[in-house]
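Reviewing the structure listed below.
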Amino acid sequence: MALSTGQALLAKQEAMAFLANAKPAIQREMKQLFGYLADHRLNLDLEFVAFADLTSDTTIADSATQVIAIYLKKQATSTAAIFKANDHATVGGSTTIVIAQELNASGDEFLLTYPDGWAQGTGFTCSSQTTTAGDTDSTSGDGPDGFVLIQDA
């Protein structure tokens, strides 16, 4: 899937609509991120990529990209789920993950921001698994909903 970036304003509208029912602190942090981007990263093109009920490998970008933000919200279960991401075009969960975020409680929310971009050389693929070290995908309903904001590398 080739990157399809557009004006940052469109990505902001999609992100803020997605966060309409998020915790106020999450909404505030996202607004601050977009304020920073408007002030310091002029003419930035972004792509908003949403996912729901993340379980198996989900490709966000299949080529070099930069991650600007990742939002995660645990679904209504208490079964632990580990969000994992890889600098890879197709594999999200493995022993070579670049990030892991544990989501334990129903409704847990996390916003990870990288205002100056977090470079991924070959792509960006996410998954939700049962342990940090393992590669067993979460069952449907346990993985998070969320989105990733990316830009061209």
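Here Asp135 fulfils each of the conditions (1) assigned to a loop (DSSP other than H, G, I, E, B); (2) farther than 18 Å from Thr59 by Cα; (3) without any contact (Cβ under 8 Å) to a residue 60 or more places away in the chain apart from (2). Please tell me if Ser128 is part of a loop (DSSP other than H, G, I, E, B) and of a type in the set (S, T, N, Q). Criteria not met by Ser128. Considering Ser106, Ser127, the condition of being surrounded by 17 or more Cβ atoms within 10 Å (Cβ to Cβ), of a type in the set (Gly, Ala, Ser) and either under 25 Å from Leu33 (Cβ atoms) or out of contact with any helix residue (DSSP H, G or I) (no Cβ under 7 Å at 6 or more places or on another chain) (or both) is satisfied by Ser127 alone. If the condition is being small (Gly, Ala, Ser), farther than 26 Å from Ile97 by Cα and surrounded by fewer than 14 Cβ atoms within 10 Å (Cβ to Cβ), then the stretch 18-51 contributes Ala20, Ala25, Gly35, Ala38.
Looking only at residues in the stretch 58-79 that are of a type in the set (Ser, Thr, Tyr) and over 10 Å from the mean Cα position of the chain (by Cα), the one that is surrounded by the most Cβ atoms within 10 Å (Cβ to Cβ) is Thr65.
So how many residues does the stretch 102-128 have that are in contact with a Phe, Trp or Tyr (Cβ under 6 Å, 6 or more places away or on another chain) and either over 11 Å from Leu72 (Cβ atoms) or at pLDDT 95 or above (or both)? Lay out the reasoning, then the answer.
Just the residues of the stretch 102-128 that are in contact with a Phe, Trp or Tyr (Cβ under 6 Å, 6 or more places away or on another chain), to begin with: 111, 115, 128.
In the following step, the residues that additionally are either over 11 Å from Leu72 (Cβ atoms) or at pLDDT 95 or above (or both) were identified as 111, 115.
The total comes to 2.
When the criteria are applied in full, Leu54 meets the requirement of being of a type in the set (A, V, I, L, M), in contact with a Gly (Cβ under 6 Å, 6 or more places away or on another chain) and surrounded by 15 or more Cβ atoms within 10 Å (Cβ to Cβ). Scanning the stretch 59-78 for residues that are among the β-branched types (Val, Ile, Thr) and either under 16 Å from Asp152 (Cα atoms) or at pLDDT 90 or above (or both) yields Thr59, Ile60, Thr65, Val67, Ile68, Ile70. Scoring Gly117 on the criteria (1) loosely packed, with under 14 Cβ neighbours inside 10 Å; (2) within 24 Å of Leu37 (Cα to Cα) leaves a single failure, condition (1). Taking the listed residues Ala81, Ala133, the one that is more than 20 Å from Glu29 (Cα to Cα) and touching a Leu at 6+ places or on another chain (Cβ under 6 Å) is Ala81, with no other qualifying. Pairs meeting the criteria (first residue in the stretch 15-38 and modelled with pLDDT of 95 or more, second residue part of a helix (DSSP H, G or I) and charged (D, E, K, R), beta carbons under 6 Å, at least 6 apart or on different chains) are Phe34/Lys12. Across the stretch 138-153, the qualifying residues are those that are surrounded by fewer than 20 Cβ atoms within 10 Å (Cβ to Cβ) and part of a strand (DSSP E or B), and the one among them that is modelled with the highest pLDDT is Asp145.
The values are calculated or read from the model by the stated rules, or taken from the named source; none is laboratory data. On a predicted model such as this, the values are computed, not experimentally measured, just so you know. Backbone-built Cβ (ideal geometry, glycine too); neighbour counts: all protein chains shown.
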